[in-house]
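Heads up: the structure comes next, in structure tokens.
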Amino acid sequence: MFQQQERMIAACFVGTLLALAAPAAQAQAPSGEPLKIGYAIAQTGGLAANGKSALLAQKIWEEDTNAKGGLLGRPVKLIYYDDQSNPTTVPAIYQKLFDIDKVDIIVGGYGTNQLAAAMPVVIQKQKMLIGLFGLAVNSEFNYPKYFSMIPLGPTPKSAQTKAFFDIAVAQNPRPQTVAIVAADGEFAINGSDGARENAKAAGLKIVYDKRYPPATTDFAPVVRAIQAANPDIVAILSYPPDSVGMVRAVNEIGYKPKMIGGGMVGPQATAIKAQLGPLLNGFVNFDYWLPIEKMSFEGVSEFITKYQARAQQEGVDPLGYHIAPWGYAQLQVLQQAVAATKSVDDDKLADYIRKSTFKTLVGDVKFGPRGEWAESRVLALQFQHIKGNDPGQFKDLSTQVVVMPAHYRSGDMIYPYEKAK
């Protein structure tokens, strides 16, 4: 009898605890109308590999945020459309987000050309925008409510290739001449402007400086023209399809300058690295984050584990090193600004972002002039010792060695280029 009463008392006690706990749990759960965040992001076309990787990261952020109570007590909902890697589709997407979807906040999609296309609509609507991997997008607009999630610092055009040139002039024998080749598009034009500045600062003579049309598919004539100019080093500013075509043409022709690469978008993606395989050996290129010890910022390892567990089933970059942490961090900045201001007002958010430092997966983020990062942090890496086309080898960072800046260096540069082949 006594034991039965004891069990009844215990059951009542547990029930009381559950009843007390329920309101607290319900208070923490997001409710009401979703807080809608809208944007365009490439899911097809030449930018899709990076766009899909970024989107998976952003979906993980959405899930993580809702599991922790949402934003302002409301569930967050990402509303996104495929811009097809085509800047001409972008303005209409943002108009739809504003006028039809009635989103609370917008963010920028992926890529310089796409962000530049969005800016006139954003400025007209006086919205705040955090872009993802845009090179000097705000240099012409000078819009005070634009912020850039890309670690190029206050001089973004030159920062993109500065490490490439710094490495080059540190070699023995020191190179004397340079070729600059760029796609005729916003990203590559801005990057080539910076490459020109860097060449001049390094005392290098420019012997070739031309753009190629965005629709170019055969890069052999371009490479032969560069070869005829006989530069010591070659700076390339290209988007993914062009980067693949350029690497293939360099190898097919057997062209061997002392150093080549610099500003090529595409070889950061695992699928493209696997596609090109050993053809990449010797190329020096940029990146913004790799899982080296000195970039093990708080939360990033756990995020990468979560991302990689889902990447294969979702058909995206299986490693996610290049853009995935940045897609998540882009929304962390937004999240912290909304939480601090308790608002989705664009002016309040912009004012807070402009003066604050944010803790993110990619380290501390502080913005400076024109919404660029206050300090530059671009990695220069060299592809080395790639064998075959197995994507698994790129998890081993001995295939992509960080050679600059010195603080993040993970190995030695092989110079000249042909020694790394």
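Pairing residues of region 173-190 that are more than 12 Å from Lys205 (Cα to Cα) and of a type in the set (Val, Ile, Thr) with residues that are crowded, with 24+ Cβ neighbours inside 10 Å and modelled with pLDDT of 95 or more, at Cβ distances under 6 Å and at least 6 apart in sequence or on separate chains, gives Val181/Ile236.
Okay, residues lined up against (1) farther than 30 Å from Asn190 by Cα; (2) in a helix (DSSP H, G or I):
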residue: Glu62; (1), (2): yes, yes
residue: Gln84; (1), (2): no, no
residue: Val90; (1), (2): no, yes
residue: Ile93; (1), (2): no, yes
residue: Val103; (1), (2): yes, no
residue: Gly108; (1), (2): no, no
residue: Gln114; (1), (2): no, yes
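Here is a yes/no grid of residues against (1) modelled with pLDDT of 95 or more; (2) under 18 Å from the mean Cα position of the chain (by Cα):
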residue: Ala24; (1), (2): no, no
residue: Ile37; (1), (2): yes, no
residue: Ile41; (1), (2): yes, yes
residue: Tyr110; (1), (2): yes, yes
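For beta carbons closer than 6 Å, sequence separation of 6+ or different chains, a first residue in region 312-325 that is touching a residue at least 12 places away in the same chain (Cβ under 8 Å) and a second that is part of a loop (DSSP other than H, G, I, E, B), the qualifying pairs are Asp317/Ala269; Tyr321/Leu290; His322/Gln268; Pro325/Trp289; Pro325/Leu361; Pro325/Val362.
Here Ser376 meets each of (1) under 15 Å from Lys127 (Cβ atoms); (2) not assigned by TED's automatic domain parsing to the domain that holds Trp61 with one exception, condition (1).
Taking region 168-189 as the range and being closer than 24 Å to Ser243 by Cα, in a loop (DSSP other than H, G, I, E, B) and not acidic (Asp, Glu) as the test, the residues that pass are Pro175, Gly185.
Of the numbered criteria (1) in contact (Cβ under 8 Å) with a residue 40 or more places away in the chain; (2) assigned by TED's automatic domain parsing to the domain that holds Lys162, the one Asp396 fails is (1). When you scan region 352-396, how many residues do you find that are in a helix (DSSP H, G or I) and either closer than 15 Å to Ala159 by Cβ or of a type in the set (Ser, Thr, Tyr) (or both)? Number of matching residues: 4. Among the residues making up region 383-393, a single one is surrounded by 22 or more Cβ atoms within 10 Å (Cβ to Cβ) and out of contact with any Phe, Trp or Tyr (no Cβ under 7 Å at 6 or more places or on another chain): Ile386. In the set (1) in the same structural domain as Asp396 (by TED's automatic domain parsing); (2) under 23 Å from Ile37 (Cα atoms), the condition left unmet by Ile260 is number (2). The set of residues from region 394-416 being surrounded by 15 or more Cβ atoms within 10 Å (Cβ to Cβ) and of a type in the set (Ser, Thr, Tyr) comprises Thr399, Tyr408, Ser410, Tyr415. Selection over region 397-407 of residues that are assigned to a loop (DSSP other than H, G, I, E, B) and among the polar types (S, T, N, Q) gives a count of 0.
Exactly one residue out of Ala159, Ala199 is more than 30 Å from Gly38 (Cβ to Cβ) and either buried (at least 16 other Cβ atoms within 10 Å of the Cβ) or modelled with pLDDT under 95 (or both): that is Ala199.
The values are calculated or read from the model by the stated rules, or taken from the named source; none is laboratory data. Note that the structure is a prediction, hence the values are computed from the model and not measured. Note: ideal-geometry Cβ built from the backbone for every residue, glycine included; neighbour counts use all protein chains shown.
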